[in-house]
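The structure appears right after this line, and notes come after that.
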Amino acid sequence: MKYYNKVFDIFLYQGVFIFLFSFLLLLLDDRYAAIFFKVSVGSIIIAIALWFAGHFFNLFTKEDQFQEN
């Protein structure tokens, strides 16, 4: 699974960026802050689940394993 690392990174960074955005909305006392916070927590939970699955099934591969001889 060559692209597993990229999928993990997308969910993790998406969750962190949406969390920071929801924190900004919370500081501005916006009504949508709770929705963005729930989406960010969900994305971070998906990233954690992907991390556990990746380490359990050894899906985090190194790039040098895909080089041709």
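Derivation of every value follows stated rules applied to the coordinates shown; laboratory data play no part. All values reported here derive from a predicted model rather than from experimental measurement. Positions of Cβ are generated from backbone atoms using ideal geometry, with glycine treated the same way; all protein chains shown enter the neighbour counts.
Hey, rough spin-label estimate for A49 and A34, points 7 angstrom out along Cα→Cβ, what's it come to in nanometres?
According to this spin-label approximation, the distance is 2.3 nm.
I'd like the Kirkwood hydrodynamic radius of segment 4-58, using the inverse of the mean 1/r over distinct C-alpha pairs, in Å.
11.6 Å
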